[in-house]
1. At 7 Å along Cα-to-Cβ for each site, give me the label-to-label distance between T50 and K36 in nm.
2. Ranking I35, I211 by Cβ neighbours within 10 Å, fewest first, what do you get?
3. Report the semi-axes of the equivalent ellipsoid for the range 37-127 in whole Å, largest first, where each axis is √(5λ) for an eigenvalue λ of the Cα gyration tensor.
4. Among T50, T39, T79, what is the fewest-to-most ranking by other Cβ atoms within 10 Å?
5. Contour minus end-to-end for Y203 and T120, with contour as 0.36 nm per residue of separation and end-to-end as the Cα-Cα distance?
6. Starting from the 7 Å offset along Cα-to-Cβ, what nm value, one decimal, do you get for the label separation of V92 and S131?
7. Sort W205, W96 so that the residue with the fewest other Cβ atoms within 10 Å of its own Cβ comes first and the one with the most comes last.
Amino acid sequence: MMLIQATALLLACCLWPAEAQNDSSRKQSIWDDPIKFNTKAKDKCTMIITGQGENTRLRLSCQGGKRSYWCEYVGKPHTCSAYNKNPRHYFVQMMWTLRKLHNACEGPKQLKPHMCKKATDDSQMILSSASASQSQPEASSRKTAARQAKQLGGPQTRPAPARPDSARQAAMKGFRIKTTQITTPQPTTPPAERYAKKVARQYCWRSLQGICSFAIGLFRN
């Protein structure tokens with residue numbers, strides 16, 4: 001009887017660590033299969049979750065027809081009790097939010113799935129870094145231009161195009177040539193005639209001023 005009890009105790013001691021190891025491997029398997037989805041712009045995205053315990057990291061990589069981009073979220077979702085019961089569903093709910101966007105990395109800076117809505121903010125995932133989304137042709141053309149400039153020893157400046165004659169003539173129309181006007185001096189009236197007219201205006205009637213001026217002029221001469 002004692003031999004049977006000892007054998008059962010020995011088996012229990014040997015099997016318990018094995019079961020604990022199997023439970024741990026099942027938890028690890030949650031991260032083995034990436035979560036994949038398509039955005040509203042038909043970009044194909046993959047969510048890869050790494051790290052457990054203190055910090056959990058989510059890396060989101062997306063590939064479109066003419067662009068590719070990525071971003072990372074970091075958080076402590078284990079502080080939410082609902083997450084500990086079903087960790088994968090936590091990130092599936094995040095995916096439901098991100099797939100509604102044209103660019104999955106231009107969503108909210110903080111994401112807290114509905115299952116942890118009542119949990120503290122420590123359980124949310126926070127955007128930590130992201131790439132600049134750019135089209136592949138544009139990126140390749142920039143690399144080609146930079147490589148060519150490096151081979152030539154620096155950026156090359158293009159000479160300014162020569163202005164056609166029509167443009168030059170149009171520009172010359174804006175200038176006006178100022179000419180000096182030569183005025184012809186007016187003949188001056190002799191002093192004697194000016195004196196005769198002055199006296200005639202003072203002492204003769206208007207109708208007789210011409211005769212008076214003539215007479216005074218003769219008299220003065």
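1. So the two model labels end up 2.0 nm from each other.
2. With the fewest neighbours first, I35, I211 line up as I211, I35.
3. Output for the range 37-127: semi-axes of 24, 12, 11 Å.
4. T50, T79, T39
5. 18.1 nm
6. 2.8 nm
7. Exposure proxy ranking, most exposed first: W205, W96.
Quick note: the coordinates plus some simple rules give every number you see, no bench work behind them. Owing to the predicted nature of the structure, the values given are computational and were not obtained by experimental measurement. Positions of Cβ are generated from backbone atoms using ideal geometry, with glycine treated the same way; all protein chains shown enter the neighbour counts.
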